[in-house]
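To keep things clear, I will list the structure first and then write my remarks on it.
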Amino acid sequence: MKKQRLLIRTVILLLLGAAVAYTLYANFTKDEVQKVEVGKKAPDFVLTDLKGEKHQLSDYEGEGVLLNFWATWCKPCEKEMPFLNNQYQAYKDQGVHVIAVNVGESNVAVSDFSKRYDLQFPIVTDKDSQVMTAYGVDPLPITFLIDKQGNVVEIHTGQIVAEADVTEMMEKIKP
Amino acid sequence: MITLSENLLYIAFILYLLSIPFFGGAIKQKRNLDHQQNSSKWSTIGIVISILGFAAQLGFFFTRWSIAGHAPVSNLFEFTTFFGMCLVGAFIIIYFIYKTPLLGLFTMPIALLVIAFASMFPTDISPLIPALQSDWLHIHVTTVALGEAILAVSFGAALIYLVKVIDQTKNSKSTTWLEVVMYGLIATLGFVIVVSAFSFADYKAEFNWVDKNDNEAKVEYHLPALVGPNQGELLTDGKMEPLVSVPGIINAKKLNTVIWSFGAGILLYGLLRLVLRKRIGAALKPFTKNINLDLVDEISYRSVLIGFPVFTLGGLIFAMIWAQIAWTRFWGWDPKEVWALITWLFYAAFLHLRLSKGWHGEKSAWLAVIGFIIIMFNLVAVNLVIAGLHSYAGS
Amino acid sequence: MNQVKCDCGHVNPHGTILCEACGKIIEDGTQITAEPVIDMRYEGSARRSQTYNKSMIDKVWNFFSSVKVGVWLIIVTLIASSLGTILPQEMYIPTIMPVAEYYEDQYGWFGRLYYDLGFHNLYSSWWYLLLIAAIGVSLVICSLDRVVPLYRALKKQRVIRHESFLQRQRIYGITTGSVSDQSYELVKEQLKKKRYNIREDNGNVLAEKGRFSRWGPYVNHVGLIIFLIGSMLRFVPGMYIDEILWVREGETKVIPETDGQYYLKNVDFKLEVYDKETDNEAFGDALDNAGMVAKNYQSDVILYKTKGNTVAGDEPELEEVESSSIRVNQPLKFEKFALYQVNYKLDELFKMSFLLTNKSTGETFGDITINLNDPEKLYELDNDYSVELMSYFPDFEFGEDGNPTTKSRVPNNPAFVFKMYSPEKPEGEVSFVAIQQTIEPLGDNEYKMAFNGIETKDVTGLTVRKDLTLWIIGFGGLIFMIGVVQGAYWNHRRIWIQRKGDEVWVAAHTNKNWFGLKKEIQLVLAGTEIKEPMDQMKENQVDEGEKD
């Protein structure tokens, strides 16, 4: 009798405790919840670059893709562009691509920017925010590393501070 | 039509006022020992007048509804008068259950204060903004007002209890706090008198001032400026210059009104004390000679018991349903929602504390007083001071 | 752990104070039995937590089972909640600057303190959630601990109660002398008329009604628990979605969180204000005082669904699902989603026109209309005149380095760097043009771009909402209301009438509203030989006291 009571009480308290713990944990991590998660497949998309060529993510399967979202008014994005540019050149023969998605600015502004920094990698514009919505992009910059199977292996929010970091990223998704 | 509507409110007000001396006269009579419900003639007249007043105010309510095309509960004036009406209605119902004219002597003046207070605010019939264009306006607002009114009856009963039970022969914490409550009611009266007087005299004084974002602005005072706005410059000739200025983040005009009210309250209170030569609580004590303490305690408790579900339904459930429809989320932690929650939690605590005998009687009465203060805080401070989605805030 | 057998034969659980069956006092000297009138809460049953108090588990259990603890939790929560109303919470402040800065900027040191303490986001803070969680735990344990013994006790109660039980009820009285059977029958009749359930045992009567109301509190606690569970489920991914969607008039955009399946087109947004002339004349004064008052605003939209499979960024194939108007209080619902009219922006700049003008002669050489969301690089005009758009800043401001830059892609404040080509100036002239200002950086130009009008469009701001927890929360609320009404508006009343020799004993009990019970007893005993019992808790034995 006594044991049964103790058992019942313990079970109930454990259940309640688990519920409370879950709630607290979920509340803490809710701001970090990403739409696209590491380990999952990166949502496919197709966008047109400044030269008029279409780029579809699934076409790059078999090779790595560094997917960067940026805007001309975003100062940190501006700072990391040269790093991306250099590393793109270094790794493009090793099967790593860079696609920079601008968040729907005018072609004028985007091409202006591209010329200013002499950017070599494809720059596409997400005119109606479909891709941004699919990737749940809000603060900029944000960089997704996609491996040769099309899975997201890392998500980097905020500016990439050093060029060495970009090198590391390239290495991670090198096929 | 508008005049008819307004007149009905005046008539209701006067009838409520008239009922008070009758309730006062009724309490002199001691009950005799037979089992029939013995209502004295005085209390019968009193309750009849109250009912007539209630009917008049219902008339005001429905005529205003037909003029405006929507239920007249859409601004502070309309809501508060409706609350006052519900208070009278709740009293009438409780009177018929318990046949206690003394309750009328305490509750009707509170209802009058509420209506007078309401009338100090803009009384224009105003159109509904899109957010208020919903059936839920009728449902949520009327139910919560009714719930709060029933809870407010517990305050009336609690006052009676405290007036009777507190020993006035010596100073104590209880006598002091009771006087504070009385002062609160008197300050409300002070507010009404001051605002009415200056409004009657059509007092207006305009100021140029600098707001917290360093922008120039104008403000018009309807009371002489004791405190003035930040870097204020008086434009209207011959009007009072402020004695002191406040920084831009404080609403000087509202602060000025508050200071006037409390000041008038102190003056009135002082006068009363001089005239009566005793504490207000002590002066009221003889009226409670014949009332049974347990009965008033029971009335107070019962009011909460009856009012709590109504308040939950109107102030929380209906409110949440409407918020979900209009504002996409049923709960947003805005100040009025939070204070509704605080009111609800408080009365829940009250009901739980009543399970213990030790909390009956005087402790319970004080709790009922605090509960009423919380309701009033939600009505006054949250609406007027704390701005939010929900506030009627005007200046 | 020993069960206790009462004289009447019933076996009670350990710790029982009043026998469940006959009410005899088993365990004397406890708090319950100390008073002349016994405390009838929980029928004197063994409240589990009071009897088992050994292990840590038991201690935790007992802590949460206490009503005192529960009340303290409520009060602390109440006070904590009020703190969050002193200054506006984070979600209600404008987003013009970083949050910490805003509080300090607006409210000084107090604002800074408020922010540092985390009060700007009080209701999501860990300690507030813990308070609510503790209340939830308390609800569960309090209820379990009491409802089970109470149920047992009320079920097992017998008609015939022990003397000591009856003597120490709050309402108790004896009638000596003969009471006729007629009287007895009359009492039973009148009880039945008052809807009492009569149980008889050997001439003794137990009249009971309203037992169901005792379960009210437990029902409402269950309602609250369901409500809290619903709130907790919000955190489960997919259960709750809260997104904003801005759509310009004429635009079709994908609806977030629908996996690219749904698109929305803003056909038209309109805002109407009240007009003193045409609307209800009663509003006249109010409109004079308030100025502009919105009468209605709505978004006329078309909802589309994607046909077939598409990839993000592609031109989707859409089929129309429905067209409707979204207003406040009238969201557009589809599948498990709802779109609410939340915000709007009137007259956002859409197109801007300029005339290429010779500054000295004033002659114009063609106009260009620039789509501010998608400007062209080159605008060709007649006769070898053309204008090249070298740079474009939709939301212009001067950067830290003194060069023009843009704050966002929304055309709030467009600025352009034009290169004007004319036969006189085939190498082009550069002119920087913003609203109300033209700067010629490379020296005086012959030509200028003169402002020639704008076109605007309205933008509607909608909230996309999916909330699968709503029905659980609603259900919890419903159960709560049922429980509260059940417990508050009915009382549990019992009247015992027992023959003891040539005496008739009457005792009565209710869980609340003694006043009403006493009145009822009066009515029930009217016309019978049975005397009205006394209220043992009143000094003054005159019925329910004087009423005035």
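Amide H of residue B:228 versus every other amide H placed in the peptide plane: which residues, excluding those fewer than 5 positions away on the same chain, fall under 5 Å?
Close amide H contacts, sequence-distant or interchain: B:243, B:244, B:245, B:246.
For the protein assembly as shown, what is the accessible area per residue in Å² when the probe is 1.4 Å?
Working: 50900 Å² over 1118 residues.
Solvent-accessible surface per residue comes out at 46 Å².
To make sure I understand the rule: partners must be lysines, Cα under 21 Å from the Cα of residue A:174, and not fewer than 8 residues away in the same chain. Which ones qualify?
Excluding near neighbours in sequence, the set is A:40, A:41, A:92, A:148.
What residue among B:231, B:269, B:219 has its Cα farthest toward the positive end of the dipole of the stretch B:211-269, where the charges are +1 on Lys, Arg and -1 on Asp, Glu, each on the Cβ?
B:269
Buried accessible area between C and A (1.4 Å probe, both chains summed, ligands and nucleic acids excluded), in Å² to the nearest 100?
Working: alone 30870 and 10230 Å², together 37320 Å².
Protein heavy atoms only, the C-A interface buries about 3800 Å².
Given a cut-off of 41 Å, what percent of all Cα-Cα pairs of chain C lie beyond it?
Numbers: 83049 of 149878 pairs.
Looking at chain C, the distances longer than 41 Å represent 55 percent of pairs.
Treat every Asp and Glu Cβ in the protein assembly as shown as -1 and every Lys and Arg Cβ as +1, leave all other atoms uncharged, and give the resulting dipole magnitude about the Cα centre to the nearest 20 debye.
On the way: 106 positive and 124 negative charges, 1873 e Å.
Once rounded to the nearest 20, the dipole reads 9000 debye.
Under a Cβ-Cβ cut-off of 12 Å, what is the net charge of the residues other than residue B:81 that fall near it, where Lys and Arg count +1 and Asp and Glu count -1? Spell out each step's value before the answer.
Numbers: positive: B:64; negative: B:6, B:78.
That sum, taken over residues with Cβ under 12 Å, equals -1.
What pairs in B:218/C:345; A:35/C:345; B:363/C:531; B:99/B:170; B:289/C:194; C:270/C:448 have C-alpha atoms more than 30 Å from each other?
Correct reply: B:363/C:531; B:99/B:170; B:289/C:194; C:270/C:448.
Just to confirm a number: summing +1 for Lys and Arg and -1 for Asp and Glu over residues other than residue A:62 whose beta-carbon lies under 13 angstrom from that of residue A:62, what do you get? Show your work: numbers first, answer last.
Details: positive: A:148, A:174; negative: A:59, A:61, A:63, A:147.
Neighbourhood net charge equals -2.
Residues of the stretch C:491-530 losing 20 Å² or more of accessible surface, assembly versus chain alone, probe 1.4 Å, please list them.
Residues meeting the cut-off: C:512, C:513, C:515, C:519, C:522.
List the aspartates and glutamates whose Cα sits under 16 Å from the Cα of residue C:188, skipping any in the same chain fewer than 8 residues away.
Within the straight-line cut-off, residue C:188 pairs with C:200, C:201, C:208, C:520, C:529, C:532.
Which of the residues in the stretch C:134-171 lose at least 40 Å² of accessible area when you go from the chain alone to all protein chains together (probe 1.4 Å)?
C:137
Work out the charge dipole of the protein assembly as shown with +1 on the Cβ of Lys and Arg and -1 on the Cβ of Asp and Glu about the Cα centre, then indicate which of C:326, B:74, A:164 is farthest towards its positive end.
Sorting the options by dipole projection puts first B:74.
Pull out a ≥ b ≥ c, the square roots of the eigenvalues of the alpha-carbon gyration tensor of the stretch C:271-407, then state rounded if a/c is under 1.5, prolate if not and a/b is larger than b/c, and oblate in the remaining case.
On the way: a/c = 2.34, a/b = 1.35, b/c = 1.73.
Because a/c hits 1.5 or more and a/b fails to exceed b/c, the stretch C:271-407 counts as oblate.
Kirkwood hydrodynamic radius of the stretch A:62-102 from all distinct Cα pairs, in Å?
Numbers: mean 1/r = 0.0933 Å⁻¹.
Evaluated on the stretch A:62-102, it is 10.7 Å.
Can you give the mean number of other chain Cβ atoms that lie within 10 Å of the Cβ atoms in peptide C:56-69? Don't skip to the end; give the middle numbers.
Working: counts 2, 9, 5, 0, 4, 7, 1, 0, 2, 0, 0, 4, 3, 0.
What the average comes to for C:56-69 is 3.
Could you identify which residue out of B:118, B:365, B:225 has the top mean-square fluctuation in a GNM of chain B using Cα springs shorter than 10 Å?
Of the options given, B:225 has the highest mean-square fluctuation.
Do any residues of the stretch A:38-59 show a loss of at least 40 square angstrom of accessible area between the isolated chain and the full protein assembly, using a 1.4 Å probe, and if so which?
Buried by 40 Å² or more upon assembly, which counts only protein chains, are A:46.
Please compute the volume of the convex hull spanned by the alpha-carbon atoms of the protein assembly as shown and report it per residue in Å³. Before the final figure, lay out each step's value.
Numbers: hull volume 262.0 nm³, N = 1118.
So the per-residue hull volume is 234 Å³.
Please give the charge dipole size of chain C, origin at the Cα centre, charges +1 on K and R Cβ atoms and -1 on D and E Cβ atoms. Round to the nearest 20 debye. If you can, show how the numbers build up before the last one.
On the way: 60 positive and 77 negative charges, 1147 e Å.
Result for chain C is approximately 5500 debye, rounded to the nearest 20.
With each run of n ≥ 4 DSSP H residues scored as -39500 (n - 2.57), what mean residue ellipticity at 222 nm is computed for chain C after dividing by its residue count and rounding to the nearest 500 deg cm²/dmol?
On the way: 12 runs with 158 residues, N = 548.
It lands at -9000 deg cm²/dmol.
In peptide B:123-135, what is the residue-averaged number of other protein chain Cβ atoms found within 10 Å of each Cβ? The partial results should precede the final answer.
Numbers: counts 2, 9, 7, 9, 12, 5, 8, 13, 5, 2, 6, 4, 1.
Mean number of neighbouring Cβ atoms from other chains: 6.
Report Rg(Cα)/(2.2 N^0.38 Å) for the stretch A:1-139, keeping two decimals.
Working: Rg = 23.2 Å, N = 139, 2.2 N^0.38 = 14.3 Å.
The reported ratio for this selection is 1.62.
In peptide C:281-288, what is the residue-averaged number of other protein chain Cβ atoms found within 10 Å of each Cβ?
Details: counts 3, 12, 8, 2, 6, 8, 3, 1.
What the average comes to for C:281-288 is 5.
Quick one: net charge around residue B:235, please, counting Lys, Arg +1 and Asp, Glu -1 for every other residue with C-beta under 15 Å from its C-beta. Write down the numbers at each step before the final one.
Numbers: positive: B:204, B:218, B:239, B:253; negative: B:206, B:216, B:220, B:233, B:237, B:241.
Spelling it out: positives minus negatives among the neighbours equals -2.
Given +1 on the Cβ of Lys and Arg, -1 on the Cβ of Asp and Glu, and no further charges, what dipole in debye does the stretch C:374-425 carry about its Cα centre, rounded to the nearest 20? Walk me through the intermediate numbers first.
Numbers: 5 positive and 11 negative charges, 26 e Å.
Roughly 120 debye, rounded to the nearest 20.
Given axes a ≥ b ≥ c from the Cα gyration tensor, I'd like to know whether the stretch A:80-175 is rounded (a/c under 1.5), prolate (a/b larger than b/c) or oblate.
Details: a/c = 1.68, a/b = 1.21, b/c = 1.38.
Verdict is oblate for the stretch A:80-175.
Indicate the gyration tensor shape class of the stretch C:230-292 (rounded, prolate or oblate), computed on the Cα atoms with a ≥ b ≥ c the square roots of the eigenvalues: a/c under 1.5 is rounded; otherwise a/b larger than b/c is prolate and the rest oblate.
Numbers: a/c = 5.01, a/b = 1.91, b/c = 2.62.
It comes out oblate by the Cα gyration axes.
In Å², nearest 100, what accessible area do chains C and B bury in total when the solvent probe is 1.4 Å?
Details: alone 30870 and 19280 Å², together 44440 Å².
When C and B are taken together, about 5700 Å² of accessible area is lost.
Which one of A:103, A:39, A:28 has its Cα pushed farthest toward the positive end of the charge dipole of chain A, where Lys and Arg give +1 and Asp and Glu give -1 at the Cβ?
A:28
What is the percent carbon and sulfur in the accessible area of chain C, measuring with a 1.4 Å probe over the protein chains and ignoring ligands? It would help to have the intermediate numbers written out before the result.
On the way: 13530 of 26130 Å².
C and S atoms contribute 52 percent here.
Can you send over the carbon and sulfur percentage of the accessible area for the stretch B:88-162, probe radius 1.4 Å, protein chains only? Can you show the working numbers first?
Details: 1320 of 1840 Å².
Of all accessible area on the stretch B:88-162, carbon and sulfur atoms account for 72 percent.
Among the lysines, select those whose C-alpha is under 16 Å from the C-alpha of residue C:59, and discard any that sit fewer than 8 residues away in the same chain.
Partners within reach: A:2, A:3, C:68.
Using θ = phi - 60° and the Karplus form 6.51 cos²θ - 1.76 cosθ + 1.60, what ³J(HN,Hα) does each residue of the stretch A:166-171 get, whole Hz, x for Gly and Pro?
Values per residue, Gly and Pro as x: 5, 4, 3, 4, 4, 4 Hz.
The values are calculated or read from the model by the stated rules, or taken from the named source; none is laboratory data. Quantities reported herein were computed from a predicted structural model and do not represent experimental measurements. No Cβ is skipped: glycine too gets one built from the backbone with ideal geometry, and neighbour counts run over all protein chains shown. Ligands, DNA and RNA are excluded from the accessible area calculation, which covers all protein heavy atoms including side chains. Shrake-Rupley method; radii C 1.70, N 1.55, O 1.52, S 1.80 Å.
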